[in-house]
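These notes concern the structure reproduced below.
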Amino acid sequence: MRVSAPTLFMATALGLLALSGCQGETKTANAQQGAGGAPPPSPVGIVEVRPEPIAVTSELPGRIAPTRIAEVRPRVGGIIVQRVFEQGSDVDEGDPLFQIDPATFQVAVESAQAGVAKADAVLTQARQDAERTQALVARNTVGTANLETAVATQRQAEADLASARAQLRAAQINLDYATVRAPISGRIGRALITEGALVSTTGTEALATIQQLDPVYADIQQPVSQLLRLREALRTGQLTQLEENVAQVRLKLDDGSEYPYPGRLLFSESTVEETSGQVTLRAEFPNPDDTLLPGLYVRVAVDQGIDAKALAVPNQAVQRDTSGQAFLYLVNANNTVEQRTVTVVRVVGNRSVISQGLAAGDKVIADGFQKIGPGAPVAPTPWTPVGAAAEGLSKDAGKTDATGAGAQAPASTPAGQAASPEAQRATPAPGSDAAAAGKANSAPQDAGGQRATAPAADASTTAR
């Protein structure tokens with residue numbers, strides 16, 4: 001296909017014009033950037049560090065143990081004829097649990113009762129003989145030796161009666177022991193023996209076990225090295241001793257949830273276990289819902305002192321480098337970013353306690369890390385936690401509506417949302433005939449109350 005010379009000349013001219021236009025735009029953009037200078041400071045949220053008292057808490061492993069535990073054992077021998085309790089139920093002290101065949105014990109009681117009656121009769125006879133002999137001695141009918149014999153016989157009869165009564169009480173006690181009762185209140189486990197079994201007082205197997213589960217103990221293991229460091233910090237004044245009955249003990253379950261009831265620390269043993277090098281602490285927790293069961297593994301947070309001048313920052317402010325070293329971004333007096341290496345000693349809730357690398361009054365960046373680095377200029381503002389910030393924004397919006405600024409009807413197209421292609425095509429460009437027609441349609445009304453209309457030619461142009 002052969003191209004004519006005029007056509008080729010026209011295409012070359014258009015290309016040169018387009019190239020010169022691009023170069024002009026580039027020069028304009030470069031000029032604007034040069035006029036603007038350095039990029040504007042990045043907005044950041046800061047927290048000014050202030051010393052505050054924070055409890056020193058140790059999170060230690062532990063196991064739940066019942067406060068009281070008792071094995072149910074028979075106190076007399078015999079055949080188990082009945083199990084009275086329901087396995088796994090709660091029982092009260094003194095409730096009947098097992099029934100041992102009481103026949104032989106009932107016979108023993110009746111025999112003892114007969115022995116008491118016999119001894120009582122003998123005593124009555126001896127008392128009468130002594131009184132009669134004393135009367136005869138008063139009339140000098142018999143000698144005093146006879147009186148002494150009668151009195152001794154009476155005293156022997158009194159002793160025999162006391163012995164018979166003691167045997168009766170022993171027989172009654174054995175009869176009562178035939179009904180095996182709960183030694184303590186608590187939850188009883190499964191029955192370890194069935195009806196028809198022969199039990200004795202010398203047997204090694206218990207009939208059942210009862211555990212008291214409200215309250216419960218948490219036996220905690222603490223390394224002795226950690227305990228020694230804590231005591232040294234208390235001795236040197238780095239930490240303040242907690243007041244008595246002030247320290248709270250909190251408990252986390254094995255699934256990570258926190259137990260709703262706080263406990264109290266009872267004591268710390270003075271002996272170190274040789275095999276593990278640990279010291280046992282014991283805490284007590286209420287257990288009204290039977291959530292804590294014996295043997296359950298838990299994590300226990302124990303308040304063991306107070307750091308009166310602790311420096312803490314939000315957890316999100318702590319950054320880590322590739323080696324895992326913690327550092328913070330701070331804002332110096334020139335409103336530029338400074339990176340500082342710090343040492344995090346512990347985490348308390350949503351804050352990290354810093355022991356080295358931070359001083360009171362430092363301004364730590366807690367928000368706005370996306371566009372900052374060491375030496376970068378920033379525009380610091382006080383940082384507010386997300387929840388509180390959201391609430392504050394909600395209150396501000398309500399105040400705006402109350403003043404009337406927010407009561408305006410919303411636009412048909414939200415701000416920042418691009419118009420649809422149909423709307424863009426329908427919107428006339430500035431300087432077009434359609435725009436002229438629109439201006440004509442929006443002209444003020446004339447004196448007769450009629451609005452001035454655009455010429456017919458303009459209307460037809462708009463339609464096209």
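So for each of 93-100, 213-220, 144-151 I average, over its residues, the number of other beta carbons within 10 Å; can you give me the resulting order with the highest mean first?
Per-residue mean Cβ counts within 10 Å order the peptides as 213-220, 93-100, 144-151.
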Return the long-range amide H neighbours of Ile46 (sequence gap of 5 or more, or a different chain), with a cut-off of under 5 Å between placed amide H atoms.
Ala366, Thr381, Trp383
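Where Lys and Arg each count +1 and Asp and Glu each count -1, what net charge lies around Arg83 among other residues with Cβ under 11 Å from its Cβ?
-1
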Measure of size requested: the Rg and Dmax of the stretch 64-210, with Cα atoms as the atom set and Å as the unit; please supply both.
24.6, 84
Using only the Cα atoms of the stretch 102-177, what semi-axes does the equivalent ellipsoid have when each is the square root of 5 times a gyration tensor eigenvalue? Give whole Å, largest first.
37, 9, 6
Counting sequence-distant residues (5 or more places) and residues on other chains, those with an amide H built under 5 Å from that of Ala197 are Ile80
Based on the Kirkwood radius over alpha-carbon pairs, what is the Stokes-Einstein translational diffusion coefficient of the stretch 280-359 at 10 °C with 1.306 mPa s viscosity, in µm²/s?
99 µm²/s
Give, in nm to one decimal, the length gained when the segment between Phe327 and Val347 is fully stretched (0.36 nm per residue of separation minus the Cα-Cα distance).
5.7 nm
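Throughout, read-outs are computed from the coordinates displayed, never taken from laboratory work. Computed from a predicted structure; not experimentally measured. Every residue, glycine as well, gets a Cβ built from its backbone with ideal geometry; the counts of neighbours run over all protein chains shown.
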